[in-house]
Every structure is written in C-alpha cells, then in structure tokens.
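Participant: Take a look at the following structure, please.
The values are calculated or read from the model by the stated rules, or taken from the named source; none is laboratory data. Values in this document were obtained by computation on a predicted structure and should not be read as measured data. Positions of Cβ are backbone-derived with ideal geometry, glycine not excepted, and every protein chain shown enters the neighbour counts. Surface areas here come from the heavy atoms of the whole protein model, side chains and all, with no ligands, DNA or RNA. Shrake-Rupley method; radii C 1.70, N 1.55, O 1.52, S 1.80 Å.
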Amino acid sequence: MIIGTLSTCERYYALGDSFKKAFEFLKNNDIRSMEPGRYDIDGDKVYVFVQEYVSKTIDNCGLEAHRRYADVQYVAEGFEYFGYTSLEDAGKPIAEYDPKADVIFFEKECQYILLRKGDFAIVFPEDAHMPQKRALVPTTLRKACIKVLVE
C-alpha cells in the first residue's frame, strides 16, 4: 500500500503509464463536481468510479482484496479511516472470489489510517483494504476509486 497526496503524485508515475493516466485524470478533473458513476480513462485498463457516500461503522464495511486491479482511492471531499492489512494476514476469506467484480472479502482485522481531502491510497492485489469507515462521526465523502489493471 502507498499513501500520498495529489500534490506529490508525480513520484508514482514510475509505477507505469496506467498509474500516470490515473493521476493525470485526478489532476485534470474536479471529482467534487462530477456525477457519481463509472468513467473510462483507458477502457477496462484504467477507469474510475466517482462515489459519494456517508462513512460507515465498521459493521457496515468490508475488508476486501482484488486479483486483477490495483485501486487508487482518492478523497476529494471529507475524510474516512482506510483499513489495511497484507493479504497474507487477512485470514480466511468469508466468501468466494467474485471474478466479475474482482473482489474477495475477509474478516475485519486490519489497521487504519485517516485519509483526508487531497489524500490517496494505492492498494495492490497483495493488499487487503477497507474503505468507507467513519472516523468519530459519519461524514459525507466525494471520492474517486480508480481501477488500474495490473495482471
């Protein structure tokens, strides 16, 4: 997992052209004014889900991992706790892998970092992560979840 801010995202262009496209999209588009939904950046290789939601209690969040995609999760407005643990420490899956959604869920043991406006987290297939957890009080978030094909 990588944590950073959009103001210094050029450092992560070294991860490849697809990550550069993801960060260029974030720099050139105001996520706060976009309608929620999917937007293609480079077809199914790089695309974004613009999201708006109220942060949740841990009982309503899921610890998840992906096999084909890395996520670049960017907070455009609001804040949330973002959970992380290595896939090897995530424990036994609580459901089968869903290849269509590219997701598998695990128990909820992880550590948290506070993501605020302008922050991003990059999670790879070896990273189990839990987005949307509230910090102290429920908060409305505007967020971009960019899917980057890494298989």
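Participant: Identify, from the list Lys100, Lys108, Lys56, the residue that is within 28 Å of Ser18 (Cα to Cα) and among the basic types (Lys, Arg).
Facilitator: Selected residue: Lys100, the only one of Lys100, Lys108, Lys56 that is within 28 Å of Ser18 (Cα to Cα) and among the basic types (Lys, Arg).
Participant: So, one more: Does any residue in the stretch 62-80 that is at pLDDT below 95 come within less than 6 Å, Cβ to Cβ, of a residue that is part of a strand (DSSP E or B) and not aliphatic (A, V, I, L, M) six or more places away or on a different chain, and which pairs are these?
Facilitator: Gly62/Phe105
Participant: Taking the stated definitions as given, is Glu109 open to solvent by 10 Å² or more (accessible area, probe 1.4 Å) and assigned to a loop (DSSP other than H, G, I, E, B)?
Facilitator: yes
Participant: Follow-up. Among Gly91, Gly37, which is the only one that is on the phi > 0 side of the Ramachandran plot and open to solvent by 40 Å² or more (accessible area, probe 1.4 Å)?
Facilitator: Selected residue: Gly91, the only one of Gly91, Gly37 that is on the phi > 0 side of the Ramachandran plot and open to solvent by 40 Å² or more (accessible area, probe 1.4 Å).
Participant: Okay, next question. Which pairs turn up if I take residues in the stretch 97-113 that are within 20 Å of Ile2 (Cα to Cα) and look for partners that are polar (S, T, N, Q) and surrounded by 13 or more Cβ atoms within 10 Å (Cβ to Cβ) with beta carbon separation below 9 Å, at least 6 apart in sequence or on another chain?
Facilitator: Going by the 9 Å Cβ cut-off, the qualifying pairs are Glu109/Thr85; Cys110/Thr85; Gln111/Thr85.
Participant: Given the stretch 27-90, what strands (runs of 3 or more DSSP E) lie entirely inside it while holding 3 or more residues that are within 17 Å of Ala101 (Cβ to Cβ)?
Facilitator: So the answer is 46-54, 63-65, 69-77.
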